[in-house]
1. Calculate one ³J(HN,Hα) per residue across region 59-75 by plugging θ = phi - 60° into the Karplus curve 6.51 cos²θ - 1.76 cosθ + 1.60, and present them in order as whole Hz with x for glycine and proline.
2. Keeping the other protein chains in place, figure out the carbon and sulfur percent of the accessible area of region 1-100, with a 1.4 Å probe.
3. To the nearest 20 debye, what charge dipole does region 199-275 have about its Cα centre, counting +1 at the Cβ of each Lys and Arg and -1 at the Cβ of each Asp and Glu?
4. Please give the Cα centre distance for region 159-222 versus region 245-274, rounded to the nearest Å.
5. Between Asp22 and Ser242, what is the label-to-label distance in nm when each label sits 7 Å out along the Cα-to-Cβ direction?
6. Mind telling me which of Pro241, Pro41, Pro128 comes out most flexible in a GNM of the chain, alpha-carbon contacts under 10 Å?
7. Each residue of region 135-147 in order: what ³J(HN,Hα) in whole Hz does its phi give by Karplus 6.51 cos²θ - 1.76 cosθ + 1.60, θ = phi - 60°, with x for Gly and Pro?
8. Counting heavy atoms of the protein chains only and a 1.4 Å probe, report the per residue accessible area for region 44-106 as a whole number of Å².
Amino acid sequence: MFSGMPEPLYAASPSRLLAWLDCPRRYRMQYLDVPRPVPRPQRAHTSLGIATHNALRDWWDLPDGRRTPAGGGRLVEDAWIDVGFRDAAQSRTWRDRTRQHVTAYLERVDPWRVPRGIERTVAMVTGPLRLTGRVDRLDDRDGELVVVDYKTSRRPPTEEDARTSLPLALYAASVWKMFRRPTFRVELHHVPTGAIVGHTHTPESIARKVDEAQSIARDARAADAEYATQGRASDRFPPRPSALCAWCDFRAHCPEGQATGPEKSGWAALEETAP
Ligand code: SF4
C-alpha cells in the first residue's frame, strides 16, 4: 500500500467473522492457509442440515398443487445426502425422521404467501467491512420484512439466541440497506420441533451489532495483513482450545485441540438429538 491510500475493505461472511472470534488458528486454516489443510469429512448433522435447507428452498419452486407439506417431505428424500452417518440404517432412520419434521413444519407455512426472498444473497459495506451472506427466507408480512433462519440443531434455540445473534442482526442491517426499508424482526425456526423464536431489534441494537462486526473486521483484517507478510510464523493465530475442539474440522492439524479430549464421531450430534 502507498501512503495516503485507504485501507482495503475486509470481505467476509458472518461465518468468517465468528470463526475469527471462536478460534484464530481454525480461522487461519479455514480461510488463509494455502494449501488449505484437509478438513475432516462432512458430519451427518451437516448433511441433514443441508438437505433440510435445500428441501425448504425447493418447496417454493413446486407447482401450486404440489406445494403441500407432503410435497416438502418428498423433497427431503430427493435432497438427502448420505454422508457422515454410522451406516445405511442410521441414514435411513434420519432421512425418514427429517421428512416427518419438514412435513410437520410446513403444515404451519402458508404456501400462497410466497416470501420476498429465498436463500437471498445480501450484502453491505459498513466501515472496514464488505459483508456478504445468505438469508434462508425473507418474509414480507404486511409490509414488514422479517429475516428467517432455519435451524436443525440438537436443542431448540431460545429468544436469547435470536436477540444476541450477530449473523441475524447483520442480515437485518443488510436487508434494510438493500431494500431501503427498516428491518427489525429476526426469527429462528427450529424445523425438528417447529419452535419459532424471534427478536425485534431497534435501530440502536442493530447499530450496536454493526459496530461489533466492524470491530471484528478490523482485528481480522490486521491479522490477514500480517499473515500476508509472515505466513504461519505470525503469532496472531493462536489456538483457542475449548469444547468446540471435539467438533473442529481441522483438529487433525492442531495438537492443542487434540489435547482437549476425544473427537466426536461423525454422527454424535444426531445421537444426542435422538429422543
Ligand atoms: S482444534 Fe480447537 S484449538 Fe485447534 S483449531 Fe480447532 S477449534 Fe482451534
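1. Using θ = phi - 60°, the values come out as 4, 6, 8, 5, x, 3, x, 9, 7, 10, x, 5, x, x, x, 5, 5 Hz.
2. Details: 2750 of 5220 Å².
Carbon and sulfur together cover 53 percent of it.
3. Numbers: 9 positive and 12 negative charges, 29 e Å.
Using Cβ point charges on Lys, Arg, Asp and Glu, region 199-275 gives about 140 debye.
4. Using only Cα atoms to place each centre, the spacing works out to 28 Å.
5. 0.9 nm
6. Comparing Pro241, Pro41, Pro128 in the GNM, the peak value goes to Pro41.
7. Taking θ as phi minus 60°, the curve returns 8, 4, 8, 10, 8, 10, 9, 6, x, 9, 7, 10, 8 Hz for region 135-147.
8. Value for region 44-106: 45 Å² per residue.
The values are calculated or read from the model by the stated rules, or taken from the named source; none is laboratory data. Predicted model only: the values in this text are computed from it and were never measured. Cβ sites come from the backbone with ideal geometry, for glycine too, and all protein chains shown count toward neighbours. Side chains are part of the model used for accessible areas, which takes the heavy atoms of the whole protein and leaves out ligands, DNA and RNA. Shrake-Rupley method; radii C 1.70, N 1.55, O 1.52, S 1.80 Å.
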